Amino acid sequence: MSEPKPTYRHDYRPPAYRVAHVDLTFELDPAATRVKASLQMERHPECKEGEPLRLDGEQLILKHIAIDGQALESDEYTLDDDGLSVRQPPARFRLDTEVEIAPCDNTALEGLYLSSGMYCTQCEAEGFRRITYYPDRPDVMATYSTTVIGDKAGQPVLLSNGNPVKRGELPDGRHFVTWNDPFPKPSYLFALVAGDLKKVEDRFTTMSGREVTLQIWVEEENLGKTDHAMASLKRAMKWDEETYGREYDLDLFMIVAVNDFNMGAMENKGLNLFNSAAVLTHPDTATDAAFQRVEGIVAHEYFHNWSGNRVTCRDWFQLSLKEGFTVFRDQCFSADVNSAAVKRIEDVAFFRTAQFAEDAGPTAHPVRPDHYIEITNFYTLTIYEKGAEVVRMLYNLMGEEAFRRGSDRYFERFDGQAVTIEDFVDCMAEASGQDLTQFMRWYSQAGTPEIDAYGEYDYANAEYHLTLRQRTPATPDQPEKAPQHIPVRMGLVGTKSGRDLGLSLEGESLGSDGVIHLREAEQTFVFTDVPEAPVPSLLRGFSAPVQLRFPYSREDLAFLLANDSDGFNRWDAGQRLAMLALDDLIAAHRNGVEKVMDPRVVDAFRSLLERGGDDKAVLAEMLTLPSEAYIAEQQPLVDVEAIHAARTFVKQSLAATLRDDFLRLYQENESDEPYAPQPEQIARRSLKNVALGYLMAVEDEEGVELARRQFEADHNMTDVRQALTLLTHSSRDDLAAPALRSFGEKWAHDSLVMDQWFAIQVTRPQTDALDRVRHLMAHPAFSLKNPNKVRALVGTFVNQNRINFHRADGEGYRLLADVVIELNRLNPEIASRLVTPLTRWQRFDEPRQELMRAELERIRAEKLSPNVYEVIEKALA
Ligand code: ZN
């Protein structure tokens, strides 16, 4: 096989031919679906006559091709593995093709495939070319009319984008529906669904008074699990009207739940397709976290109707134009309808763990990449989450009103067009009058900027001098970096008063919570009229996606934890304090020295527990230690065992010393009111379950009893899952085994609950975890063809059970490579995602490096998909 070739951003050329309108007809059949396409085409006025027409097409069997009703002779076109070229088409013409495809053999889940007996599609980014010959690129926008023909018995429901305009009966027990989508769209937003589905229906009246029908389509047994998604959808529609002035544009909005889905969900015009895990909820089957995730994803996909569909991307290098912006929008929505402080803490905790690791590894890339081999490899934390952080910085730089003016301008100016990141930033620059030239580097430079900060109080002159030095480490093909424009929101907290002191910077007053702008490699900021010695509170709210170091003492951090006016930074001070203690303990473990718990951490936790008054949801976050993955991210070289031992030690020491406080906290937050996914209830449950986690860390007798009872009470999945997890991760196999058994039997029929059952077991710290993974891979509920199963069992193990995945004998690596090799054939997109932990080999000790590289080499020896090929080549470069 020839090596897959990269695509470069600078090679972009506008399409030679545009498509005004498409007519599609699908005759569904599992092994031989017929797709007829009729394309109204026009040569671009600036294009020369005789320019060949290039259409993408993969795994299609061409049955017929004609121009203006005239079948093409074999010398008028050429066919190859990834498409078709027509030699000399006229300036305006109708192109008719007919192809045959086999949805039942489609295990990659791109294009048209079968999932639990239902036909569905996934076209972003380049799946449409597996359905028909087409210029499959986002800057070709057309109106679609789609006729779906299926069996009345097997596919009573036939859906596509837009509005249904015609339906009827056909011979042989078949029927059809024709759909019309009046909004021009790129092919990646096309969707089709056909199957035995049931719907839940609701209505929404838009701000201009139009009535929209809302439908959620599911398998019959899931009809009771759609309420939360529907309520979330209506909240999101309202929020987008109020916050961005964006109204829905069709008369019908549909969501479909699909069991086999590569990602979370997809924003196809008027017909959003969802991984069933991202839409179905019920108090008995879904945790609070799942409820919140569903709310966020429903909103995300809905928001794409404007940020993505009405205004789309010119090419896939601009992916963050729609994804970064839409993630920012869904984050703000979730913050508005839930606890804003907790939302930010959760997002940042995740970001600093996972995106920082990506940005520091061999697959690091800018928010706008310069080249790729396989675009599905670029649906990353950098494009999505870092992209959202960049938009958030813009929002904060401009302020709410100017940002809204900029977004209005963007949607108005580019409605119906496929545009670039510059187009978006230009609107923001115009609306705010700011020069964003340097800011654009956030889109072009990969790697996490590191800031070293240093501060000094000058008593004599009542000044505080803050020096910030920035540097961005080299990343693949970017050895040199230029300084970024970094907005640092900050305060100076007076050590006597415990209050924010007014900030006055070279005479200019910034209030008590202000933003300073670091633009140079090094800058010193002199604050005047500082009446008492302060502790600086820096990067409040995580005002920029950077790593900031400051030589805080533990006393400083305990002080900020108690006094900072910024809730986010109070939490962060606690995390930093815990990190200092953890660093000592990691060193002690490595040196074989006895571990001693830092009393300052215990005192800080005790005051958190005693002082009350805090937002319960935030308190739960503050009582949560940094994850092993985050701790690892902060170490120069990852010592998996020392990290695990140190963190366990801190948790047990806190549990032992503060046992009575945790017990009280548990009891105070117990409740038997009926479950509701409401912020106050969620906060109480998380606090209670954090407390239970501490009690179980020392397997306190009463704690074990509480966990057992909480499991048996069977009140809601949040509580049941936490109890079952704690029992399964404890030494009490006598309690865990029967609990796991009864849970597994009770939920054998519910695939999404079985995913949780898998995840709970494979995160066990005990040494048998890896054997359990292999064993569970043979369980009847497991299938390598279902991405949710792969993620729940294998993904959870390799990403969340670090101590066992990184076993010194390399068995964890071997297991992962075995699975990746199989998935490389079945589902390349999932395979190349799953392999990620092996690509981080450089972070570990020599023996592990060798073992991980050996597995990467073993994968490389296979006949690889472009997806896995690209990742492996980068990892071994
Ligand atoms: Zn998205």
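Since every read-out is calculated from the coordinates, none of them should be taken as a lab result. What you are looking at is a predicted structure, and each value in this text was computed from that prediction instead of being measured. We place every Cβ from the backbone using ideal geometry, glycine too, and count neighbours over all the protein chains shown.
A compact globular protein would have a Cα radius of gyration near 2.2 N^0.38 Å; the ratio found for segment 721-877 is 1.07.
Quick check: from the Cα gyration tensor, does segment 311-444 come out rounded (a/c under 1.5), prolate or oblate? Oblate, because a/c is 1.5 or more while a/b does not exceed b/c.
Here the calculated FRET efficiency for His371 and Ala854, from their Cβ-Cβ distance with R0 = 22 Å, stands at 0.15, rounded to the nearest 0.05.
Here the alpha carbons of segment 44-105 define both size measures, Rg and Dmax, at 12.8, 43 Å.
Over 22 Å apart at the Cα level, from the set Lys198/Lys746; Lys496/Lys595; Lys198/Lys789; Lys238/Lys343; Lys616/Lys651; Lys343/Lys496, are Lys198/Lys746; Lys496/Lys595; Lys198/Lys789; Lys343/Lys496. Per-peptide packing, taken as the mean over residues of other Cβ atoms within 10 Å, places 719-725, 852-858 in the sequence 719-725, 852-858 from highest down.
Figure legend: label point modelled 7 angstrom from the Cα of Ser553 along Cα→Cβ; no residues of segment 584-625 have amide N under 13 Å from it. Over all other residues within a Cβ to Cβ distance under 9 Å of Arg685, the charged ones net out to 0, with Lys and Arg as +1 and Asp and Glu as -1.
Gyration tensor over the Cα atoms of the chain: the corresponding equivalent ellipsoid has semi-axes (square roots of 5 times the eigenvalues, largest first) of 46, 33, 27 Å. Gain on full extension, evaluated as 0.36 nm per residue between Asp768 and Glu670 minus their Cα-Cα distance, stands at 31.9 nm. Among 344-357, 448-461, 535-548, 64-77, sorting by the average number of other beta carbon atoms lying within 10 angstrom of each residue, highest first, gives 535-548, 344-357, 448-461, 64-77. Helix 227-244 versus the longest principal axis of the chain: what is the Cα-based angle in degrees, 0 to 90, to the nearest 10? Helix 227-244 and the main axis of the chain meet at about 90 degrees.
Measuring nothing but alpha carbons in segment 567-876 and taking Rh as the Kirkwood radius, the Rg to Rh ratio lands at 0.98. In a fully extended conformation the segment linking Thr213 and Lys238 would gain 7.6 nm over its present Cα-Cα distance, using 0.36 nm per residue.
A protection proxy built from the mean count of other Cβ atoms within 10 Å ranks the segments 804-811, 238-245, 162-169, 387-394, most packed first, as 387-394, 804-811, 238-245, 162-169. Axis angle, to the nearest 10 degrees, between helix 288-303 and the longest C-alpha principal axis of the chain: 50 degrees. Helical runs (DSSP H, four residues minimum) scored at -39500 (n - 2.57) apiece and divided by the length of the chain put the mean residue ellipticity at 222 nm at -12000 deg cm²/dmol.
Report, to the nearest 10°, how far helix 733-746 tilts away from the longest principal axis of the Cα atoms in the chain, using its own Cα long axis and a range of 0 to 90°. Approximately 30 degrees, to the nearest ten. Here segment 7-196 is treated as a Stokes sphere of Kirkwood radius computed over C-alpha pairs; at 20 °C and 1.002 mPa s its diffusion coefficient rounds to 126 µm²/s.
Between Thr205 and Thr657, the modelled label-to-label distance comes to 6.0 nm, taking each label 7 Å out from Cα in the direction of the beta carbon.
A Förster radius of 45 Å combined with the Cβ-Cβ distance from His64 to Glu247 puts the calculated FRET efficiency at roughly 0.60.
In sequence order, segment 174-184 has phi-based couplings of 10, 8, 9, 9, 10, 10, 10, 10, x, 8, x Hz under the Karplus curve 6.51 cos²θ - 1.76 cosθ + 1.60, θ = phi - 60°, and Gly or Pro positions carry x. Approximating the spin labels as points 7 Å out from Cα along Cα→Cβ, the Asp81-to-His775 distance works out to 4.3 nm. For the pair Asp734 and Thr524 in one chain, pulling the backbone fully straight at 0.36 nm per residue adds 69.5 nm over the alpha carbon distance. According to the Cα-based calculation, Rg over Rh for segment 201-274 is 0.98, with Rh computed by the Kirkwood formula. Per-residue 3J(HN,Hα) values for segment 842-851, derived from phi via the Karplus relation 6.51 cos²θ - 1.76 cosθ + 1.60 with θ = phi - 60°, read 5, 7, 10, 5, 3, x, 5, 3, 4, 5 Hz in sequence order (x marks Gly and Pro). Placing a label point 7 Å from the Cα of Glu73 along the Cα-to-Cβ direction, the residues of segment 81-100 whose backbone N falls under 16 Å of that point are 86-90. Mind scanning Lys166/Lys269; Lys48/Lys322; Lys5/Lys36; Lys322/Lys863 and naming the pairs with a C-alpha gap bigger than 28 Å? Where the Cα-Cα span goes over 28 Å, the pairs concerned are Lys48/Lys322; Lys5/Lys36; Lys322/Lys863.
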